[in-house]
Structures are given as structure tokens and as C-alpha cells.
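Heads up: the structure comes next, in C-alpha cells.
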Amino acid sequence: MASERREVQGRYKLDMIRNARADELPKLREIETAAGTAFREICMHEIADDEPPTTVELAAFQADGRAWVAVDATDRPVGYLLVSLVDGDAHIDQVSVHPDHARRGLGRAMIEVVVGWARGRGLPGVTLTSFARVPWNAPYYERLGFHVLPDEQLTSGLRAIREEESARGLANWPRVAMRRVVTDLPR
């Protein structure tokens with residue numbers, strides 16, 4: 001379990017980031033549904049209406065120790081992050097924060113925990129795919145040290161993810177694959 005203390009809007013608050021428990025998986029689905037509503041505000045209704053991962057899908061991440069939650073003071077999940085391994089890098093499959101807890105650094109804190117997790121395993125980088133023009137997507141991840149990968153630098157695994165996203169209709173809006181280097185290991 002990892003915790004991080006940081007200043008939030010002029011006051012200190014203790015935010016806990018820990019591995020998700022199996023009994024919390026339904027709550028992760030609720031978080032995803034609530035977080036998706038922000039897309040409605042920018043006319044991305046299909047994304048807002050997209051079904052969250054099933055509890056079976058979430059359970060695979062959780063059982064393998066690749067699902068983290070940000071919890072409030074009562075230890076209730078308010079955000080979550082899922083990671084897989086893609087072509088030797090950690091890959092963020094999903095990061096979501098409930099809108100009632102958004103803009104407090106929880107997404108950043110969860111990403112930093114995963115960067116530490118990747119570094120601790122000797123993985124050279126962390127990747128993700130994102131909407132290019134959504135302010136809380138690619139522009140946000142660039143501020144966290146991720147850079148956009150040109151198509152010619154996509155690994156076979158990232159290409160497969162992009163193809164799967166296209167098949168689900170996500171390519172209706174510009175998407176990018178991004179990477180953050182976390183170790184000096186050769187790729």
C-alpha cells in the first residue's frame with residue numbers, strides 16, 4: 001500500500017492509493033459511469049454512455065495486483081486505475097476519478113504510484129492511449145511527463161489496442177498513444 005501527502009487547494013490532505021479489493025469492484029463500475037458524464041459536456045455522448053468494464057474484467061486486474069484505488073477518509077474508493085503489460089511497458093488501461101473528487105490530484109497520484117510500480121519492476125516505461133483534444137486526456141498526460149508516440153513508433157501491442165479502440169468507435173475522435181519513460185533501460 002502506498003500513500004501520498006500533498007497540498008491540495010492550499011491545505012494538506014492525506015490521499016491513500018492502494019490495491020483494489022475484490023469487494024470494491026462494483027464501486028469501480030460506479031466511478032467509471034460517473035466519470036464518464038464529463039464527456040457529455042463536450043458532446044461526446046457515446047463515450048459518456050459507454051459501459052464500464054464488467055466485474056469479471058475488473059477481477060482479472062484485481063486478482064493480478066494491477067488495479068489500484070484512490071480512497072477517501074473512510075477508505076471508500078473514489079478513483080481507480082488499471083494496468084496491463086504491453087510490449088515490456090506498463091500500460092494504463094483506465095484511470096478514472098469520481099467527479100465529486102476530481103481536480104484534487106488523485107489521478108496524478110495514482111499514475112505516480114504506477115510509475116513507481118513500473119520502475120520497481122525494471123519496466124522502461126508507462127504507456128496509455130487517450131483522446132488527443134480532451135483537456136483532461138492527452139494535454140493533461142503531457143503535463144505528467146507523457147509524450148505522444150508517432151505512428152511509426154507504436155509497438156505491435158499498442159497498434160492492437162488502437163485497432164480495438166477503433167472497432168469500438170473510439171476513433172470517431174482523434175486518439176493518440178503516449179509513453180512516459182521511467183527507467184534508463186533500452187526499449
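General observations
- Residue match in the stretch 151-170 (condition: assigned to a strand (DSSP E or B) and in contact with a strand residue (DSSP E or B) (Cβ under 7 Å, 6 or more places away or on another chain)): no
Residues checked against (1) within 24 Å of VAL113 (Cα to Cα); (2) touching a Leu at 6+ places or on another chain (Cβ under 8 Å):
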position: LEU128; (1), (2): yes, no
position: ASN137; (1), (2): yes, no
position: TYR140; (1), (2): yes, no
position: ALA160; (1), (2): no, no
position: LEU170; (1), (2): no, no
position: TRP173; (1), (2): no, no
position: ARG179; (1), (2): yes, yes
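- Some residue of the stretch 61-76 being in a helix (DSSP H, G or I), among the aliphatic types (A, V, I, L, M), under 26 Å from GLY157 (Cβ atoms) and at pLDDT 90 or above: yes
- Lone qualifier among LEU85, LEU58 - being under 26 Å from VAL182 (Cα atoms), surrounded by fewer than 17 Cβ atoms within 10 Å (Cβ to Cβ) and under 15 Å from the mean Cα position of the chain (by Cα): LEU85
- In the condition set (1) assigned to a helix (DSSP H, G or I); (2) more than 20 Å from ARG21 (Cα to Cα), ARG103 is compliant with all but (1).
- Single residue of the stretch 95-127 satisfying the filter (within 11 Å of the chain's Cα centre (by Cα) and not aliphatic (A, V, I, L, M)) that is farthest from ALA138 (Cα to Cα): GLU112
- Beta carbons closer than 6 Å, at least 6 apart along the sequence or on distinct chains, pair a first residue in the stretch 116-138 that is under 26 Å from ALA102 (Cβ atoms) with a second that is assigned to a loop (DSSP other than H, G, I, E, B) and aromatic (Phe, Trp, Tyr) for PHE131/TRP173.
- Scanning the stretch 134-145 turns up one or more residues that are modelled with pLDDT of 85 or more, surrounded by fewer than 13 Cβ atoms within 10 Å (Cβ to Cβ) and under 16 Å from VAL95 (Cβ atoms).
- Reported count of residues in the stretch 42-60, each being outside any loop (DSSP other than H, G, I, E, B) and either among the polar types (S, T, N, Q) or on the phi > 0 side of the Ramachandran plot (or both), is 1.
The values are calculated or read from the model by the stated rules, or taken from the named source; none is laboratory data. If you're wondering where the values come from, they're calculated on a predicted model, not measured in any experiment. Virtual Cβ from ideal backbone geometry, glycine too; neighbours counted across all protein chains shown.
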